[in-house]
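Just so it is clear, none of the values below were taken in a lab; they were calculated from the coordinates. Owing to the predicted nature of the structure, the values given are computational and were not obtained by experimental measurement. With ideal geometry, Cβ positions are generated from the backbone for all residues, glycine too; neighbour counts draw on all protein chains shown.
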């Protein structure tokens, strides 16, 4: 979990390089913290194993590559249906991670190779634009 404390600085550098809004950075941080926590708590990734995060912005798209050394977990097949389709307001406390991730991101791809999960997402900027500042 060594990557978690470094996440804010990494996202600040990405935001500075690509001109991302604070809202975009906040959603990226929420999503990545959820994935990292899941890697340790549910995927049993060894704490010493690196978690790889790469955020790129091209042609107006924000893409995320997330990789860990946890047990194989393909969200396309292994997420319960309610985690993919429920309204966020209907979710019980403590069961919001994947619904939040999928609310803001499109899941693009999953592979498991050489002992690592690799997931690719694209941030849905239309959802960000439609959300309201409080």
(Q) Just want to confirm a number: the relative contact order over region 3-125, from Cα pairs under 8 angstrom separated by 6+ residues, in percent. (A) 23
(Q) Show me the ranking of peptides 8-20, 112-124 by mean Cβ neighbours inside 10 Å, starting with the highest. (A) 112-124, 8-20
Q. What nm distance separates the two modelled labels at residue 77 and residue 54, each placed 7 Å from Cα along Cα→Cβ?
A. 2.5
Q.
Could you work out how much longer the chain between residue 109 and residue 21 gets when fully extended? Use 0.36 nm per residue separation minus the Cα distance between them, nm to one decimal.
A. 29.1 nm
Q) Quick one: 105, 77, fewest Cβ neighbours within 10 Å first, how do they rank? A) 77, 105
